[in-house]
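J.: Please read through the structure below; I'll follow up with questions.
The values are calculated or read from the model by the stated rules, or taken from the named source; none is laboratory data. Quick caveat, the model's predicted, so the values are computed rather than measured. In this analysis, Cβ positions are derived from the backbone assuming ideal geometry, glycine residues included, and neighbour counts consider all displayed protein chains. These area figures cover heavy atoms from the full protein model, side chains too; ligands, DNA and RNA do not enter into them. Shrake-Rupley method; radii C 1.70, N 1.55, O 1.52, S 1.80 Å.
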Amino acid sequence: VVEQQRPHYLARFKYFASFAGENASPQARVRAILQTIAKAARSPEWKGCCYIRLATELAHYPGHPVRIMVAQANAAVAEWLCEHHVPLHLPDAQAIARQITLIMNGMIMTQMVMHDDEAAVHAVSLVKMLLPDELALAQAA
């Protein structure tokens, strides 16, 4: 299952980001990802993220091949975020991309465990702290 889902994992995030529009700011694209996940989580059929579920099940087996694949998939998402959604002039763009990945995973886990509709609102607020909007960037220049 994990190996079958691997090519689709990053593609799904890219697709969700596209909902913000072609010329959207990095913050708007990440917000689109979070809001799309939150919308899916409201469905009774939503089971969460298979990668997060499997990694949780295998928490006591750090070298397990599935955990390694999950870590690689998350690293690919963080790399994609860094390359396409975090303005490179921000200090430590790679760390910001990893933090956004952490926020997304935390939101998914919160949705899975607590069925908290506010999780996306809180996640978006955190992303706003990490990624200034385009107006703020223009005013700072």
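J.: Somewhere in segment 10-19, is a residue farther than 20 Å from Lys128 by Cα, hydrophobic (A, V, I, L, M, F, W, C), open to solvent by less than 60 Å² (accessible area, probe 1.4 Å) and assigned to a helix (DSSP H, G or I)? Give the steps one after another, and end with the answer.
T.: Taking segment 10-19 and keeping what is farther than 20 Å from Lys128 by Cα, we get 10-12, 15.
Those still in the list that are hydrophobic (A, V, I, L, M, F, W, C) too: 10-11.
Then keep just the ones that are open to solvent by less than 60 Å² (accessible area, probe 1.4 Å); that gives 10-11.
Subset that is assigned to a helix (DSSP H, G or I): 10-11.
There is at least one residue in segment 10-19 that is farther than 20 Å from Lys128 by Cα, hydrophobic (A, V, I, L, M, F, W, C), open to solvent by less than 60 Å² (accessible area, probe 1.4 Å) and assigned to a helix (DSSP H, G or I).
J.: Sticking with this structure for a sec: Which of the residues that make up segment 39-53 are touching a residue at least 40 places away in the same chain (Cβ under 8 Å) and either touching a Lys or Arg at 6+ places or on another chain (Cβ under 6 Å) or in a helix (DSSP H, G or I) (or both)?
T.: Ala41, Cys50, Tyr51, Ile52, Arg53, listed by residue number.
J.: On to the next question. Assess whether Gly48 counts as being at pLDDT below 90 and within 25 Å of Ala119 (Cα to Cα).
T.: Values: at pLDDT below 90: yes; within 25 Å of Ala119 (Cα to Cα): yes.
It is true that Gly48 is at pLDDT below 90 and within 25 Å of Ala119 (Cα to Cα).
J.: Then there's this: Going by the structure shown, is Tyr51 hydroxyl-bearing (Ser, Thr, Tyr) and surrounded by 19 or more Cβ atoms within 10 Å (Cβ to Cβ)? Give the steps one after another, and end with the answer.
T.: Details: hydroxyl-bearing (Ser, Thr, Tyr): yes; surrounded by 19 or more Cβ atoms within 10 Å (Cβ to Cβ): yes.
Against the criterion (hydroxyl-bearing (Ser, Thr, Tyr) and surrounded by 19 or more Cβ atoms within 10 Å (Cβ to Cβ)), Tyr51 qualifies.
J.: Considering only residues that are free of Cβ contacts under 8 Å to residues at least 40 places away in the same chain, surrounded by fewer than 20 Cβ atoms within 10 Å (Cβ to Cβ) and under 17 Å from Ala17 (Cα atoms), which ones fall in segment 87-98?
T.: Within segment 87-98, just Arg98 meets the criteria.
J.: Taking segment 20-33, which residues are open to solvent by 30 Å² or more (accessible area, probe 1.4 Å), farther than 21 Å from Asp117 by Cβ and touching a residue at least 24 places away in the same chain (Cβ under 8 Å)?
T.: Arg29
J.: Please enumerate the residues belonging to segment 104-135 that are modelled with pLDDT under 80, surrounded by 11 or more Cβ atoms within 10 Å (Cβ to Cβ) and not charged (D, E, K, R).
T.: Correct list: Pro132 only.
J.: Taking the options Thr36, Thr56, name whichever one is within 24 Å of Asp117 (Cα to Cα), buried (at least 16 other Cβ atoms within 10 Å of the Cβ) and without any contact (Cβ under 8 Å) to a residue 60 or more places away in the chain. First the steps, then the outcome.
T.: Values: Thr56 fails: buried (at least 16 other Cβ atoms within 10 Å of the Cβ).
Selected residue: Thr36, the only one of Thr36, Thr56 that is within 24 Å of Asp117 (Cα to Cα), buried (at least 16 other Cβ atoms within 10 Å of the Cβ) and without any contact (Cβ under 8 Å) to a residue 60 or more places away in the chain.
J.: On the given criteria, is His84 open to solvent by 80 Å² or more (accessible area, probe 1.4 Å), at pLDDT below 85 and within 19 Å of Pro7 (Cβ to Cβ)? Steps first, answer last, please.
T.: Details: open to solvent by 80 Å² or more (accessible area, probe 1.4 Å): yes; at pLDDT below 85: yes; within 19 Å of Pro7 (Cβ to Cβ): yes.
Judged against the criteria, His84 is a match.
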